[in-house]
1. Output the number of residues of the stretch 77-136 satisfying the condition of being hydrophobic (A, V, I, L, M, F, W, C), outside any helix (DSSP H, G or I) and open to solvent by 70 Å² or more (accessible area, probe 1.4 Å).
2. Six or more apart or on different chains, Cβ atoms under 8 Å: show the pairs whose first residue is in the stretch 93-119 and without any contact (Cβ under 8 Å) to a residue 24 or more places away in the chain and whose second is crowded, with 17+ Cβ neighbours inside 10 Å and of a type outside the set (A, V, I, L, M).
3. Pairs needed: first member in the stretch 35-60, surrounded by 13 or more Cβ atoms within 10 Å (Cβ to Cβ); second member anywhere, among the polar types (S, T, N, Q) and part of a loop (DSSP other than H, G, I, E, B); C-beta distance under 7 Å; at least 6 residues apart or different chains.
4. Does any residue in the stretch 16-27 that is without any contact (Cβ under 8 Å) to a residue 24 or more places away in the chain come within less than 9 Å, Cβ to Cβ, of a residue that is part of a loop (DSSP other than H, G, I, E, B) and β-branched (Val, Ile, Thr) six or more places away or on a different chain, and which pairs are these?
5. Restricting to the stretch 32-65, give me the number of residues that are modelled with pLDDT under 90, touching a helix residue (DSSP H, G or I) at 6+ places or on another chain (Cβ under 7 Å) and closer than 23 Å to ASN2 by Cβ.
6. Scan LEU203, LEU178 and give me the residue that is at pLDDT below 95 and surrounded by fewer than 18 Cβ atoms within 10 Å (Cβ to Cβ).
Amino acid sequence: ANTVMDEKAARGYKTLAICRSDDETPESATWTMVGYISLMDPPRSDTEATIVAAQERGVEVKMITGDQRKIAVEVAHQLHMGTHIFGPDVWLPNAPAVDRAGGVGNLAELANGFAGVHPEHKYKVVEALQAAGHTVGMTGDGVNDAPALAVANVGIAVADATDAARGAADIVLTREGLSTIVSAINRSRQIFRRLEAYITYRL
């Protein structure tokens with residue numbers, strides 16, 4: 001089972017085991033595995049272009065996902081992101097990678113992403129990057145993203161996000177995809193420059 005899961009994960013697929021039982025009483029049933037179903041959960045259609053555009057504007061993009069590390073590496077490769085992604089072992093007590101980096105903040109700066117995370121880990125990554133002096137934006141759509149969306153400098157709930165994610169976010173996208181984020185970056189920088197120029201002129 002692990003071999004099948006690893007092989008599929010390396011190609012970006014999530015794998016479910018399919019089992020059956022002849023016993024109609026679930027509590028006492030003996031289940032037999034009969035096969036697998038592999039599912040592709042592709043990135044949103046404009047994700048790659050959005051990441052490239054954000055990077056061109058000096059925004060560093062990191063992946064934080066609950067998926068297996070091998071899936072995360074494959075998706076990051078497809079999106080032309082870096083593939084230096086850490087697995088769930090970095091959250092264990094006295095994790096060597098964290099110790100070598102000098103803390104979660106330094107590790108988050110070095111990493112292209114984290115895989116196999118829980119909601120509290122997303123929160124920790126955002127807080128650690130903020131403590132290192134970064135302004136952090138976070139995108140999400142689920143209840144498990146809400147704590148990190150709330151603590152981020154800019155929490156962004158994507159289209160079709162849950163009410164919990166929308167309530168925790170600063171910005172709620174109403175269109176499919178992520179390209180609106182780049183529009184928001186451009187517009188906010190224009191506003192900032194106009195305010196800066198006005199204040200400088202007045203002074």
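1. As a first pass, look at the stretch 77-136 and keep what is hydrophobic (A, V, I, L, M, F, W, C): 79, 81, 85-86, 90-92, 95, 97-98, 101, 104, 107-108, 110-111, 114-115, 117, 125-126, 128-129, 131-132, 136.
Pick out the ones that are also outside any helix (DSSP H, G or I) and you get 79, 81, 85-86, 92, 95, 111, 114-115, 117, 132, 136.
Still in the running and open to solvent by 70 Å² or more (accessible area, probe 1.4 Å): 92.
Residues that pass the stated criteria total 1.
2. Every condition considered, the pairs that remain are ALA97/PHE86; LEU107/PHE86.
3. ASP46/SER179; ALA49/SER179; THR50/SER179
4. Listed by first residue and then by second, the contacts come to SER21/THR30; ASP22/THR30; ASP23/THR30.
5. 0
6. Working: LEU178 fails: surrounded by fewer than 18 Cβ atoms within 10 Å (Cβ to Cβ).
LEU203 is the lone residue from the list that is at pLDDT below 95 and surrounded by fewer than 18 Cβ atoms within 10 Å (Cβ to Cβ).
The values are calculated or read from the model by the stated rules, or taken from the named source; none is laboratory data. Here the structure is a predicted model, which means the values were calculated and not measured. Methodologically, a virtual Cβ is constructed for each residue, glycine included, from the backbone with ideal geometry; neighbour enumeration extends over all protein chains shown. For accessibility, only protein heavy atoms count, side chains too; no ligands or nucleic acids. Shrake-Rupley method; radii C 1.70, N 1.55, O 1.52, S 1.80 Å.
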